[in-house]
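Visitor: Following this message is one structure expressed as structure tokens.
Where a number appears in this text, it was derived from the coordinates with a stated rule and is not lab data. Quick caveat, the model's predicted, so the values are computed rather than measured. Methodologically, a virtual Cβ is constructed for each residue, glycine included, from the backbone with ideal geometry; neighbour enumeration extends over all protein chains shown.
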Amino acid sequence: MNAGPLNAERLLAHYEQIADAPDAVPRLRRFVLDLAVRGKLVPQDPADEPASELLKRIAKEKARLVKAGEIRKPRDLGNGEELEPPFEIPMTWRWCRLDSVGAIVGGGTPSALDLDNFAAPGDGIPWVTPADLGGYRELYIERGTRDLAEKGLNTSSATMMPAGTVLFTSRAPIGYVAIASNPISTNQGFKSIVPYVANCSRFVALAMQAFAPEIDAKAPGTTFKEVSGKIVAAVPIPLPPLAEQRRIVAKVDELMALCDRLEVARAAREGVRDRLAAASLARLNAPDPAIFDSDAHFALEALAPLTTRPDQIKALRQTILSLAVRGKLVPQNPTDEPASELLKRIAKEKGRLRRPTTEVDSGREPYRLPEMWSWAALGQLIISGPQNGISPKPTKRDDAPKAITLTATTSGEFNRLHFKRVEAKIPTDSDFWLKEGDLLFQRGNTREYVGMAAVYHGPANKFLYPDLIIKVRLSEQVNLRFVHLSAISPPARAFLSNKATGAQATMPKINQTTLLSLPIPLPPLAEQRRIVAKVDALMALCDRLEASLSAAATTRRRLLDALLAEALDPRVLNQGKAAE
């Protein structure tokens, strides 16, 4: 008895533990193909006619077809090179070059793309392109989106190939495989295999699926990749006895059907999780202040077993910020000083500085605020700036000043690891040096990140900041952390993204006027502090949930790796045979 099937069953027995690994099903499909071409998927039968006899029959049929003029004598593309077996195979199998099993046939396109060279599907000669196989789930194919007319076939280098031909895409994307269910032709994006013994088609197709990544890796080029007929012809193929080929194909079909069911089950499971997660978040988006704390903890506890993807945690973080800036995260205290009084004090402070004030237009507030809150434009809260950074030339000198890059603030938190050295002589009292508490906004970036904000934490005169960042300093009358959270909340991000303009779609920009007009929902100062504390606590829970998710994903991947390695480890197989 062969030990391979036992290992496959072991993997499937552990599938529930690895099912949520992002690539579990695709890797399981690869695993099945690997077992199939290594002779580890089904038991060998000593009564089978060995592959050496099958190769004799293939050679005889090849000679007959050439002599009868049904095929041209294939060119010898081997150049006398000796075949090097990539791995061990059963005793009854044989390694051979692909072109010894079937003729390698290219395709072609009519010399002119005139309409009369083509016909509607079903009205002409079946003809396929790689696009016809993109995402193709069925193994057999009848025709593509267009047929060739007789004239089109005659003006191209396409060849009519018989039913059973294994179609293999040799141009990017390389590695799509199908079997012609009827006579068919292809364009030049294929190197097809016409087996000399038709009964070998299914196993050849299976082998091409298994070896597609290795064939793709041999393709020259970067922006445009293509494997030659010589490369395809020289692919080493492990050939089993014909009877075993049939058993292998049947087993692969059975296991691939299982993979299909696992994939459907995973999608259904993900759908249920998404709906349950959305329902949990809904309890936060429309909260009852009296029971919000319990709702929040319920949602976070419920999300832990439901969450399998980072985007789900990102949605939770965004919900928390949305609640924070709408006054739904902590209860209001009627004894707090209203935000309107806070704004009056800031206005007096700004009056002494003689700074112009931008206000949120009355009647155009983004949404309704709690009674003691007020809308304020960012310009009403700053006492310094806005100021764009500088763009000195980069340098490799280790003693040159450091200038942060956009990446230092893209996450919404300052990251001191992202900087470059620049040629600049900046006085120590210059505003181009960052100081603790500077609020930084990205003046230009992609639509997703333009306007993203972060607070600089670090020593003064340590970093310069670039021209694509705008710096402001806030009045000490407001809580810097709360204003920052407001600036990175979904409403503020949408405002800045929508206001960004520019000729380059990949780098829209905001100007200082837009930034000054950013609406900030301002609570009483005491409530600002309570909100920041609550956000920090909830974000810490998200951090733990994210860490748990990452650890679980790592565990699943390691288990999957271990099970695959065990299934393909010759020592395990030998132990199984010795035990027999």
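Visitor: Given a Förster distance of 51 angstrom, what is the FRET efficiency for E448 paired with L115, based on the Cβ-Cβ distance and rounded to 0.05? It would help to have the intermediate numbers written out before the result.
Guide: Numbers: r = 43 Å, r/R0 = 0.84.
According to the calculation, E is roughly 0.75.
Visitor: Let me ask something additional. Can you pull the one-decimal nm distance between simple spin-label points at E214 and F87, each 7 Å off the Cα toward Cβ?
Guide: 0.8 nm
Visitor: In nm, to one decimal, how far is the modelled label at R266 from the one at R558, with both set 7 Å along Cα→Cβ?
Guide: For the pair R266/R558, the computed spacing is 2.1 nm.
Visitor: Also: Please report the net charge: other residues with Cβ closer than 12 Å to the Cβ of R397, K and R +1, D and E -1. Present the calculation step by step, with values, prior to reporting the outcome.
Guide: Details: positive: K393, K396, K402, K420, R421; negative: D398, D399, E423.
That works out to +2.
Visitor: Let me ask you something else. Taking amide H positions as placed 1.01 Å from N in the peptide plane, with prolines and chain starts having none, which residues 5 or more places from K462, or on another chain, fall under 5 Å of its amide H?
Guide: For K462, whose amide H was placed from the backbone, the distant partners under 5 Å are L434.
Visitor: Next question, about the same structure. Using each residue's phi in the range 469-475, evaluate 6.51 cos²θ - 1.76 cosθ + 1.60 at θ = phi - 60° and report the 3J(HN,Hα) Karplus result to the nearest Hz, with x for Gly and Pro.
Guide: My calculation for the range 469-475 gives 10, 10, 10, 9, 10, 8, 4 Hz in order.
Visitor: Provide the packing ranking of 41-54, 93-106, i.e. peptides ordered by the mean count of other C-beta atoms within 10 Å per residue, highest first.
Guide: 93-106, 41-54
Visitor: What is the range 49-240's relative contact order, in percent, from Cα pairs under 8 angstrom and six or more apart in sequence?
Guide: Numbers: 374 pairs, mean separation 53.0, N = 192.
Worked out over the range 49-240, it gives 28 percent.
Visitor: Here's another thing I want to ask about it. Taking R0 as 22 Å, what FRET efficiency do you get between T145 and E226 from their Cβ-Cβ distance, rounded to the nearest 0.05?
Guide: Details: r = 22 Å, r/R0 = 0.99.
Step by step, r from the Cβ atoms, then E = 0.50.
Visitor: Follow-up. Among 329-337, 534-542, how do they line up from the highest to the lowest mean number of other beta-carbon atoms within 10 Å?
Guide: Output ranking for 329-337, 534-542: 534-542, 329-337.
Visitor: Follow-up. Rounded to the nearest 0.05, what FRET efficiency is calculated for N461 and D536 with R0 set to 35 Å and r the Cβ-Cβ distance?
Guide: Calculated value: 0.75.
Visitor: Additional query: Which log10 I(q)/I(0) values, to two decimals, does the range 124-224 give at q = 0.16, 0.23 Å⁻¹ under the Debye formula with one point per Cα?
Guide: With no solvent term, the Cα-only Debye profile gives -0.65, -1.24.
Visitor: How big is the dipole moment of the range 49-240 about its Cα centre under a simple scheme where the beta carbon of each Lys and Arg is +1, that of each Asp and Glu is -1, and everything else is neutral? Debye, nearest 20, please.
Guide: 420 debye
Visitor: Let me ask something else about it. Over all directions, what mean area does the Cα convex hull of the range 503-547 project, stated in square nanometres?
Guide: 5.8 nm²
Visitor: Now for a different question. Tell me, what are the semi-axes, in whole angstrom and largest first, of the equivalent ellipsoid of the range 340-523 as set by the roots of 5 times the Cα gyration tensor eigenvalues?
Guide: Value: 29, 19, 13 Å, ordered largest first.
Visitor: Based on the Kirkwood radius over alpha-carbon pairs, what is the Stokes-Einstein translational diffusion coefficient of the range 121-163 at 10 °C with 1.306 mPa s viscosity, in µm²/s?
Guide: Details: Rh = 11.2 Å.
Estimated via Stokes-Einstein, D reaches 142 µm²/s.
Visitor: A follow-up question, please. Go from 0 up to the bin containing the longest alpha carbon distance in the range 49-240, width 5 Å each, and give me the % of pairs per bin.
Guide: Reading the bins upward from 0: 1, 8, 16, 20, 20, 16, 11, 5, 2, 1, 0.
Visitor: Sort the following peptides by mean Cβ neighbour count (other Cβ atoms within 10 Å, averaged over residues), highest first: 387-395, 477-485.
Guide: Packing order, densest peptide first, comes out as 477-485, 387-395.
Visitor: Test of the criteria: in the range 435-532, which GluC sites (Glu not before Pro) are in a DSSP loop and have at most 12 other Cβ atoms within 10 angstrom of their Cβ?
Guide: Qualifying residues, ordered by number: E436, E448, E476.
Visitor: Let me ask something additional. Within straight cross-link reach of K230, meaning Cα distance under 16 Å, which lysines are found once same-chain residues fewer than 8 apart are removed?
Guide: Straight-line reach from K230, under 16 Å: K73, K191, K218.
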